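Scroll down for the structure; my scribbles are underneath it.
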Amino acid sequence: MKRLFDIVFSIMFIFFALPIYLFLTLFLVLESGFPVFFIQKRVGLKGKLFSIYKFRTMVKNANEIGPYNTAKDDPRITKTGRFFRKTSLDELPQFFNVLKGDMSIVGPRPNVERQKAEYQISDWELRNSVRPGITGLAQISGRSSCTFEERLYYDITYIKSYSLLLDFKIIYRTVMSVVLKQGSF
């Protein structure tokens with residue numbers, strides 16, 4: 001049922017958001033040229049690697065001049081990128097990841113492989129026992145202000161208490177946080 005919801009929701013979202021995708025693409029090209037997408041290998045369901053899609057928010061060679069994570073005032077982030085990140089617009093291409101089956105609308109955020117060392121093996125395997133999501137319990141409970149331990153707690157809590165109703169609540173809180181600038185997202 002979850003996969004069916006993901007497919008239907010993503011198709012509808014992409015269809016209605018197509019003008020937004022085109023506008024954001026144009027905006028990026030005018031500011032900093034091509035490519036407009038940032039593509040990175042992430043860890044998905046059962047540890048399988050996949051390519052995650054995001055609108056590019058950093059300078060073109062960001063991976064070569066800094067770490068995989070970003071600091072609050074990271075100089076690699078472009079002016080447009082700051083706006084995209086603040087409004088979560090950079091995440092919109094991930095609806096294509098959902099259609100491909102690499103991701104779900106709701107689930108733990110996908111890690112990069114290097115992060116495996118931060119986890120106990122059992123926690124790493126549990127996190128990767130479900131499809132990673134565009135949004136999740138950790139994102140609506142503190143987003144980047146959460147510590148590693150808090151994010152792990154929220155991710156495991158989500159996995160152990162999953163229901164479609166919980167997904168709807170997380171989606172609702174995500175929309176409220178992004179659109180109305182409420183909560184901690």
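Bear in mind these aren't lab numbers, they're just calculated from the coordinates by the rules spelled out. On a predicted model such as this, the values are computed, not experimentally measured, just so you know. Virtual Cβ from ideal backbone geometry, glycine too; neighbours counted across all protein chains shown.
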Within the range 91-111, list the residues whose amide N lies under 18 Å from a label point set 7 Å along Cα→Cβ of residue 39. 91-103
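Give me the extension gain from residue 2 to residue 153: residue separation times 0.36 nm, minus the current Cα-Cα distance, reported in nm with one decimal. Write down the numbers at each step before the final one.
Values: separation 151, 0.36 × 151 = 54.36 nm, distance 2.21 nm.
52.2 nm is the gain from fully extending residue 2 to residue 153.
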So what is the 222 nm mean residue ellipticity for the chain from helices alone, if each DSSP H run of at least 4 adds -39500 (n - 2.57) and you divide by all residues, rounding to the nearest 500 deg cm²/dmol? -15500 deg cm²/dmol
Calculated on alpha-carbon atoms, Rg and Dmax of the chain in Å: 16.0, 46
Put +1 on the Cβ of each Lys and Arg and -1 on the Cβ of each Asp and Glu in the range 2-180; which of 140, 62, 96 then has its Cα farthest toward the positive end of the dipole? 96
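Add +1 for every Lys or Arg and -1 for every Asp or Glu among the other residues with Cβ under 14 Å from the Cβ of residue 62, and state the total.
On the way: positive: 54, 56, 60, 76, 82, 85; negative: 64, 74, 90.
For residues surrounding residue 62, the net value is +3.
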Where labels lie 7 Å past Cα in the beta-carbon direction, separation of residue 116 and residue 176 in nm: 3.9 nm
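If you add up the charges near residue 148, with Lys and Arg at +1 and Asp and Glu at -1, over every other residue whose beta carbon is less than 11 angstrom from its beta carbon, what do you get? Walk me through the numbers on the way to the answer.
Working: positive: 151; negative: 118, 123, 149, 150, 155.
Once positives and negatives cancel, what remains is -4.
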Along the positive direction of the dipole of the range 2-180 (beta-carbon charges: Lys, Arg +1; Asp, Glu -1; about the Cα centre), which of 8, 161, 52 reaches farthest? 8
The chain: relative contact order in percent, alpha carbon pairs under 8 Å with at least 6 residues between: 20 percent
